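Novice: Dumping the structure here so I can ask a few things about it.
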């Protein structure tokens, strides 16, 4: 088919969290049940992603053991330690690395990420998270979670500090410097004194191969969108309809411009849950099986039970074939799941008025990301559709079973994307910034700080 393509190419990452997004994955027949605790499982997954020229692998982080033991651990190894090992074993592949702005020291995190970015040759994306789960807070403080406004004020200050630190020590390219290796103009104190942090600087790691790690963010609340507008270069989001993706991109552009950044500064990079089959019917059945449902009616029952657990006001009885109402999906002020997942479902219902029977094939379980279901060609077409329309820059793909479904995606879907000319057959830039078409921050921020 003929497609009017955006200038930027499609970008793709693969989630390699745990055993896969399905609760059935950890002890799936024929797999090693405890692979979630085996480095070789993650190294193998990264190698598979690299064999398909995927731009990056993704690891979220949840520094607390999840309470539902039936799912198996989803977040085990510290992402920085994990990628340090992967980076030495697997070339080229980038890493979307989640770390908390709520429970880290900015100097220490800036130093570790800058070290990893330098060692890997510019392959790090820092996915900044303001933690919302009280189980995480309980592992770091007796005072409990900060409220949302305070969390984002702290996150904003955290990012201001780490960005200043990352660009605080220039080392010259080219000939050996005459005189001292650095002075007060090339290694600058940042002298930050704020509400949450006091940091003198400079960082003892010089400016890296891509200026500094690419900054990613995932908040969809008003505070999260404003935070993204100020700091994010990539936004990882839950989006279930193409129109909602365009609306969200417009919100991000407006927020970026409020903070003096040009429109188009932020790359939208939503998650997708991919279910592949030889045919759509087989893929639909695979979706049911890995969701723990006997059939489509089981999916419907699980979806309704889930929504009632999120919102006590959700109706007790619903005809599965009538349109849903957006007010049933209103995010709750005190909810412990991300606002973005709730808003994504509400936006889909507002825009398209699906029935329950329809929506269970659009949104993926507790994770809340868009379902992409079908044969390899159908999956490829669904990915290209949003990208070619300009709604997104690319996708972070999640798979029910790792590494099996990632291997199939690389073997059967990626060649279709390459044949259509939307995805490269080799790595077209050494750094993540180059692959996403993002500018290096060094010159602009250094001049501003000087």
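Novice: Suppose the filter is assigned to a helix (DSSP H, G or I), touching a helix residue (DSSP H, G or I) at 6+ places or on another chain (Cβ under 6 Å) and within 30 Å of residue 154 (Cα to Cα); does residue 43 pass it?
Specialist: Against the criterion (assigned to a helix (DSSP H, G or I), touching a helix residue (DSSP H, G or I) at 6+ places or on another chain (Cβ under 6 Å) and within 30 Å of residue 154 (Cα to Cα)), residue 43 does not qualify.
Novice: Can you name every residue in the range 118-151 that is under 17 Å from residue 228 (Cα atoms) and not in a helix (DSSP H, G or I)?
Specialist: Matches in the range 118-151: 125, 126, 127, 128, 129, 130, 131, 132.
Novice: Continuing with the same structure: I'd like the residue in the range 67-78 that is outside any helix (DSSP H, G or I) and modelled with pLDDT under 85 and, out of all such residues, is surrounded by the fewest Cβ atoms within 10 Å (Cβ to Cβ).
Specialist: For the range 67-78, the residue satisfying everything is 67.
Novice: Continuing with this model, one more query. Does any residue of the range 353-360 turn out to be surrounded by fewer than 19 Cβ atoms within 10 Å (Cβ to Cβ) and assigned to a strand (DSSP E or B)?
Specialist: Yes, the range 353-360 contains at least one residue that is surrounded by fewer than 19 Cβ atoms within 10 Å (Cβ to Cβ) and assigned to a strand (DSSP E or B).
Novice: What about residue 94, is it modelled with pLDDT under 95 and either within 30 Å of residue 414 (Cβ to Cβ) or crowded, with 22+ Cβ neighbours inside 10 Å (or both)?
Specialist: When the stated conditions are applied, residue 94 does not pass them.
Novice: Do we have residue 382 as more than 28 Å from residue 126 (Cβ to Cβ), surrounded by fewer than 21 Cβ atoms within 10 Å (Cβ to Cβ) and touching a strand residue (DSSP E or B) at 6+ places or on another chain (Cβ under 6 Å) here?
Specialist: yes
Novice: Still on this structure, please answer the following. Mind listing just one residue for me: the one in the range 177-193 that is surrounded by 10 or more Cβ atoms within 10 Å (Cβ to Cβ) and farther than 13 Å from residue 162 by Cα and, of those, farthest from the chain's Cα centre (by Cα)?
Specialist: 177
Novice: For the structure I just gave you, tell me whether residue 8 is at pLDDT below 90, over 21 Å from residue 129 (Cα atoms) and out of contact with any strand residue (DSSP E or B) (no Cβ under 7 Å at 6 or more places or on another chain).
Specialist: Considered against the rule, which asks whether it is at pLDDT below 90, over 21 Å from residue 129 (Cα atoms) and out of contact with any strand residue (DSSP E or B) (no Cβ under 7 Å at 6 or more places or on another chain), residue 8 comes out as yes.
Novice: Next up: Considering only the range 213-223, I want to know if a residue exists there that is under 22 Å from the mean Cα position of the chain (by Cα), touching a residue at least 24 places away in the same chain (Cβ under 8 Å) and surrounded by fewer than 16 Cβ atoms within 10 Å (Cβ to Cβ).
Specialist: No, the conditions are met nowhere in the range 213-223.
Novice: Return the residues of the range 419-430 that are surrounded by fewer than 21 Cβ atoms within 10 Å (Cβ to Cβ) and either touching a residue at least 40 places away in the same chain (Cβ under 8 Å) or in contact with a helix residue (DSSP H, G or I) (Cβ under 8 Å, 6 or more places away or on another chain) (or both); say none if nothing qualifies.
Specialist: 420, 421, 422, 424, 425, 426, 427, 428, 429, 430
Novice: Return the total of residues in the range 180-197 being assigned to a strand (DSSP E or B) and in contact with a strand residue (DSSP E or B) (Cβ under 7 Å, 6 or more places away or on another chain).
Specialist: Count: 2.
Novice: Are there any pairs, at least 6 apart or on different chains, whose C-beta atoms fall under 6 Å, with the first in the range 143-172 and within 15 Å of residue 127 (Cα to Cα) and the second assigned to a loop (DSSP other than H, G, I, E, B), and if so, which?
Specialist: Pairs that qualify, where the first residue is within 15 Å of residue 127 (Cα to Cα) and the partner is assigned to a loop (DSSP other than H, G, I, E, B), are 152/130; 155/101; 155/130; 158/101.
Novice: I'm trying to understand the selection: among the residues of the range 46-66, which are at pLDDT 95 or above and part of a loop (DSSP other than H, G, I, E, B)?
Specialist: Answer for the range 46-66, where residues must be at pLDDT 95 or above and part of a loop (DSSP other than H, G, I, E, B): 52, 53, 54, 55.
Novice: On to the next question. Looking at (1) farther than 24 Å from residue 240 by Cα; (2) in a loop (DSSP other than H, G, I, E, B); (3) modelled with pLDDT under 95, find the lone condition where residue 424 falls short.
Specialist: Unmet for residue 424, out of (1) farther than 24 Å from residue 240 by Cα; (2) in a loop (DSSP other than H, G, I, E, B); (3) modelled with pLDDT under 95: (3).
Novice: Looking only at residues that are surrounded by fewer than 24 Cβ atoms within 10 Å (Cβ to Cβ) and touching a helix residue (DSSP H, G or I) at 6+ places or on another chain (Cβ under 6 Å) in the range 390-403, which one is nearest to residue 274 (Cα to Cα)?
Specialist: The extreme case among them is 403.
The values are calculated or read from the model by the stated rules, or taken from the named source; none is laboratory data. Just so it is clear, the model here is predicted, and its values are computed rather than measured. Positions of Cβ are backbone-derived with ideal geometry, glycine not excepted, and every protein chain shown enters the neighbour counts.
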